[in-house]
Amino acid sequence: MSVLKLEEYENDFWKDVDNRMSWDQIIPGDLRNTKPVSLTQEVISQFAKLIGDDNPLYHDEEYAKSTPYGGIVAPPNIHIVLMFACTDITDWMRSPGTINCGQSWYYNIPARPGDTITMRGSALDKFIKKERLFAVHENVFTNQHGQVICTGRGQTIRPV
């Protein structure tokens, strides 16, 4: 398991692009290679600041303790960073030129500092429409207790 650190997060999607799975290698139903990551309060705070969210629930422990959450929680959309942190450089969702066509997310419980996050992801389907390559995918994020943090389904246009 690795500890997520935003400054160590690889954001050059062209790096190792030749090692990514191609359209032909995406097999609906096959699980994507993932690894668990540990979420820290520092990452939660950094992420919230980077997206411009100054809600004290993400930054201020004393304030967060006074809420029904009982402590710091992560912004719901932290799953965006977690998806990339949980996958390796070969993951097909990292391919440059990928276009997000839409997604639906369902949030169950908040992610918290100290959580070990695991992602289960797969392609559900792939198809060609108007000469474009589409992939339908699903991701489920759980914590170390097996509790589902969030589930999402989306559709992307894949690069040729």
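The values are calculated or read from the model by the stated rules, or taken from the named source; none is laboratory data. Please read all numbers here as calculations on a predicted model, not as lab measurements. For neighbour counting, all protein chains shown are included, and Cβ atoms are generated from backbone atoms with ideal geometry for every residue, glycine included.
Across segment 23-43, what is the number of residues that are in contact (Cβ under 8 Å) with a residue 24 or more places away in the chain and closer than 19 Å to GLY97 by Cβ?
Of the residues in that region, 4 qualify.
Which residues, taken from segment 60-73, are out of contact with any Lys or Arg (no Cβ under 8 Å at 6 or more places or on another chain) and either in contact (Cβ under 8 Å) with a residue 24 or more places away in the chain or not polar (S, T, N, Q) (or both)?
Once the filter is applied, which keeps residues that are out of contact with any Lys or Arg (no Cβ under 8 Å at 6 or more places or on another chain) and either in contact (Cβ under 8 Å) with a residue 24 or more places away in the chain or not polar (S, T, N, Q) (or both), segment 60-73 yields ASP60, GLU61, GLU62, TYR63, ALA64, LYS65, PRO68, TYR69, GLY70.
Among the listed residues GLY146, GLY121, identify the single one that is of a type outside the set (Ser, Thr, Tyr) and at positive phi.
GLY146
When you scan segment 139-160, how many residues do you find that are touching a strand residue (DSSP E or B) at 6+ places or on another chain (Cβ under 6 Å), of a type outside the set (A, V, I, L, M) and surrounded by fewer than 17 Cβ atoms within 10 Å (Cβ to Cβ)?
Looking only at that region, the number is 2.
Might you let me know whether segment 122-138 holds any residue that is closer than 20 Å to PRO36 by Cβ and without any contact (Cβ under 8 Å) to a residue 24 or more places away in the chain?
yes
Taking segment 123-146 only, how many residues are of a type in the set (Val, Ile, Thr) and either at pLDDT below 95 or more than 27 Å from ILE109 (Cα to Cα) (or both)?
So the count comes out to 1.
Taking the condition of being closer than 24 Å to GLU61 by Cα and among the aromatic types (Phe, Trp, Tyr), how many residues in segment 102-140 meet it?
Number satisfying all stated conditions: 1.
Out of (1) touching a residue at least 24 places away in the same chain (Cβ under 8 Å); (2) over 24 Å from GLY29 (Cβ atoms), what's the single condition that is false for VAL148?
(2)
Tell me which strands (runs of 3 or more DSSP E) are completely within segment 42-160 and hold 2 or more residues being among the hydrophobic types (A, V, I, L, M, F, W, C), out of contact with any Gly (no Cβ under 9 Å at 6 or more places or on another chain) and farther than 30 Å from ASP18 by Cα, or say none if there are none.
Qualifying strands (runs of 3 or more DSSP E): 148-158.
What single numbered condition from (1) surrounded by 13 or more Cβ atoms within 10 Å (Cβ to Cβ); (2) within 24 Å of LEU50 (Cβ to Cβ); (3) modelled with pLDDT of 95 or more fails to hold for ALA85?
Status for ALA85: all satisfied but (3).
Do we have any residue at all in segment 78-85 that's in contact (Cβ under 8 Å) with a residue 12 or more places away in the chain, among the aromatic types (Phe, Trp, Tyr) and touching an Asp or Glu at 6+ places or on another chain (Cβ under 9 Å)?
yes
Considering (1) of a type in the set (Asp, Glu); (2) over 14 Å from LEU82 (Cα atoms); (3) modelled with pLDDT under 95, say which one ASP30 fails and leave the rest.
Every listed condition holds for ASP30 apart from (3).
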